[in-house]
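Below: one structure, written as structure tokens.
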Amino acid sequence: MADGSWEFSIAKGVVTVRSDSIGIRMTPQAFLRGQYVQLRNGSIGQQVQALLNLCAFAFTPIALALHLDQLLGPGQQWAFVPFAVFGLVTLMWGFWITHLRESSIPLSAVEFVSIDESAQTIRIAHERPNGLLSRLTTCATQEQYALRGAEDARRAKEAFQLRGIEPKSPSDLSTTTEYRFTSRQGVCFCDQCHSQVSPSDRVCPSCEYLLRVESPLVE
């Protein structure tokens with residue numbers, strides 16, 4: 001890129017590798033693209049879940065307008081103002097967390113980057129930021145994201161190599177597996193959206209939540 005940074009896509013957003021930091025930004029476009037894929041290729045249950053997600057997404061601006069009308073409209077009953085304010089703040093916070101949030105990791109804090117090209121996932125291990133958490137523990141934080149495809153895995157590898165970080169492969173690391181689904185009577189359900197999943201699924205088909213997290217053991 002012209003400004004000396006490089007981007008690649010993850011399932012729910014965009015990662016930007018800058019000269020001094022890694023920015024992870026969730027985007028509405030990535031969310032909508034994922035729901036579209038489920039509507040086109042998913043099972044009946046997944047299609048229903050995607051439709052509900054899209055309805056919730058579309059209802060957010062309507063709900064915001066209704067809450068603003070309660071606050072600013074004529075004949076305001078002040079007893080309901082605290083509830084309207086609370087609802088407005090909750091909606092805005094939820095939308096920001098899900099669709100607009102960006103987090104940043106200093107390059108100097110990165111312990112390692114691991115890219116699994118077969119599973120199309122990327123894992124970033126880094127030191128905890130300064131503050132209360134750093135006083136409580138010195139363990140690295142490990143974050144894992146689903147990539148959209150092989151091309152994004154290639155771009156991710158190139159972006160980190162250009163910053164002097166050589167991504168590792170999963171075979172280079174000792175790992176422990178965290179399973180993020182619950183089995184009830186022989187049927188598996190996603191821990192995040194509670195949709196039915198297959199034990200062989202890498203991510204939840206409905207919400208793209210990572211179901212199996214391979215966590216490298218850092219000494």
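The values are calculated or read from the model by the stated rules, or taken from the named source; none is laboratory data. These numbers come from a predicted model, not from an experiment. Don't worry about glycine lacking a Cβ; one is built from the backbone with ideal geometry, like all the others, and counts go over all protein chains shown. These area figures cover heavy atoms from the full protein model, side chains too; ligands, DNA and RNA do not enter into them. Shrake-Rupley method; radii C 1.70, N 1.55, O 1.52, S 1.80 Å.
Being polar (S, T, N, Q) and either in contact with a helix residue (DSSP H, G or I) (Cβ under 8 Å, 6 or more places away or on another chain) or at pLDDT below 80 (or both) is a property that holds for THR141. Checking each residue in region 18-52 for being at pLDDT 75 or above, open to solvent by less than 20 Å² (accessible area, probe 1.4 Å) and either touching a Gly at 6+ places or on another chain (Cβ under 8 Å) or more than 26 Å from ALA156 (Cα to Cα) (or both) picks out ILE24, THR27.
Contact map, region 155-172: residues that are in contact (Cβ under 8 Å) with a residue 24 or more places away in the chain paired with residues that are open to solvent by 70 Å² or more (accessible area, probe 1.4 Å), Cβ distance under 6 Å, separation 6+ or inter-chain. Pairs shown: ALA159/TRP6; PRO167/LYS157. Among the residues of region 175-191, at least one is at pLDDT 75 or above, open to solvent by less than 30 Å² (accessible area, probe 1.4 Å) and within 20 Å of GLN47 (Cα to Cα).
Consider region 207-219 and keep the residues that are at pLDDT below 85 and not in a strand (DSSP E or B). The one that is nearest to SER118 (Cα to Cα) is GLU208.
For region 117-133, taking the residues that are open to solvent by 40 Å² or more (accessible area, probe 1.4 Å) and of a type outside the set (Lys, Arg), the one that is modelled with the lowest pLDDT is identified as LEU133. For PRO170, the conditions (1) closer than 21 Å to ILE105 by Cβ; (2) under 19 Å from the mean Cα position of the chain (by Cα); (3) of a type outside the set (D, E, K, R) are fulfilled apart from (2).
Selection of first residues in region 178-205 that are closer than 19 Å to ASN53 by Cβ and in contact (Cβ under 8 Å) with a residue 40 or more places away in the chain and of second residues that are assigned to a strand (DSSP E or B) and among the aliphatic types (A, V, I, L, M), restricted to Cβ pairs under 7 Å at least 6 apart or on distinct chains, gives the following pairs, ordered by first then second residue: GLN196/VAL187; VAL203/ALA146; VAL203/LEU210; PRO205/VAL197. Does SER195 fit the bill of being more than 22 Å from ILE124 (Cα to Cα), surrounded by fewer than 17 Cβ atoms within 10 Å (Cβ to Cβ) and either modelled with pLDDT of 85 or more or not charged (D, E, K, R) (or both)? Taking the combined requirement at face value, the residue does not satisfy it.
Report, by residue number, each residue of region 90-114 that is modelled with pLDDT of 80 or more and touching a Phe, Trp or Tyr at 6+ places or on another chain (Cβ under 8 Å). Across region 90-114, the qualifying residue is only VAL113.
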